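Worksheet: one structure, shown below.
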Amino acid sequence: LMKFREALREQCKRRTFAEQAQYAKPVGGQIIRGPSIRFVEAALACYENNRSTSQIIQDDPQFRTVRVMVTDLQRNVEFSEDVQISKTVERRNPRQGDEILGERVNSHGSKVYLIAATDDDLQNKISAAVSKRLRTCGLRLLPHDIVQEALALCEESIQSQDSADPTAQAKRMCDAFIAIGVSAEQLSAYLGHSALQCTPAEIRELRDIYNAIEEKDATWSDVMATREAGEVKNEAKSKLVEKLEERKGK
């Protein structure tokens with residue numbers, strides 16, 4: 001365990017690794033954080049003497065079911081999860097040659113089409129789903145206290161530089177988001193001010209959201225929908241507090 005701890009701590013001291021160590025995604029109207037897929041993969045490599053595998057256990061015209069397993073070969077402990085992947089994708093704008101199976105209005109009020117997945121589409125879906133299950137099983141296998149200590153060290157590794165020159169780090173985040181199709185104007189709308197005037201805490205939040213989008217844990221639409229839901233909730237809460245204060249005064 002101490003060998004694993006030392007090896008993982010060395011990884012966390014590298015800024016490029018520390019920046020990819022956590023993700024943030026919208027769940028139930030809130031933004032939650034956790035260790036990223038890249039972090040867990042590196043941690044399993046540091047842990048040594050374990051094996052990660054996946055196998056197809058069922059395949060039919062509509063779904064493919066894959067079992068993901070992470071095994072500690074030294075202690076003979078294994079964790080596994082099954083994931084069912086549908087052989088369809090959703091697109092707002094179908095492409096020529098797409099086989100349209102249906103349509104619906106999503107939670108954002110936009111019309112999307114259900115399309116039969118190509119081999120490449122299906123492989124991308126499987127890869128993303130397997131990586132997420134590997135993260136879940138890997139975290140069950142790895143010592144929780146050492147993982148939490150390593151994540152805290154990752155934050156220390158990047159906090160000083162974010163505080164020293166937040167404008168430079170904000171520019172880096174803008175460039176990273178632009179590369180995945182999110183403009184500086186959209187970032188500013190999310191923050192409520194210019195994206196180049198981020199605080200270190202906001203830089204961290206954007207970085208973790210970026211990691212979630214990169215790992216296909218979330219989309220920018222999901223993030224904005226959660227933000228809007230939070231604003232509505234806070235507004236309702238403020239009105240309730242005002243009414244309670246008014247009643248108390250009476």
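The values are calculated or read from the model by the stated rules, or taken from the named source; none is laboratory data. Just so it is clear, the structure is predicted and the values come from calculations on it, not from any experiment. So basically every Cβ, Gly included, is an ideal-geometry build from the backbone, and we count neighbours across all protein chains shown. Note: areas computed on protein heavy atoms with side chains; ligands, DNA, RNA excluded. Shrake-Rupley method; radii C 1.70, N 1.55, O 1.52, S 1.80 Å.
The amide H of Asn50, built 1.01 Å from its N in the peptide plane, has Leu73 as neighbours under 5 Å, considering only residues 5 or more places off or on other chains. Legend: residue pairs Lys13/Lys132; Lys87/Lys125; Lys125/Lys216; Lys111/Lys216, Cα-Cα distance threshold 18 Å; pairs beyond threshold, Lys13/Lys132; Lys111/Lys216. Residues whose amide H lies under 5 Å from that of Ala117, counting only those 5 or more places away or on a different chain, are Thr88, Val89; hydrogens are built 1.01 Å from N in the peptide plane.
Per-residue extension of 0.36 nm, minus the Cα-Cα distance of Ser127 and Asn49, leaves a gain of 25.8 nm for this segment. Entry comment: accessible area of segment 131-222 is 47 Å² per residue, from protein heavy atoms only and a probe of 1.4 Å.
Taking every protein chain into account, the 1.4 Å probe leaves Lys132 with about 50 Å² of accessible area, to the nearest ten. Computed from the C-beta positions of Ile180 and Ala225, the FRET efficiency with R₀ = 22 Å rounds to 0.80.
Relative contact order, percent, of the chain when contacts are C-alpha pairs under 8 Å separated by at least 6 residues?
22 percent.
Counting only protein heavy atoms and a 1.4 Å probe, tell me what percentage of the chain's accessible area is made up of carbon and sulfur. Carbon and sulfur atoms account for 47 percent of the accessible area of the chain.
Accessible area ranking (1.4 Å probe, heavy atoms, ligands and nucleic acids excluded), largest first, for Arg207, Arg38: Arg38, Arg207.
With Cβ to Cβ distances under 10 Å as the rule, what net charge do the other residues near Asp82 carry (K, R +1; D, E -1)? Counting the neighbours of Asp82, the net charge comes to +1.
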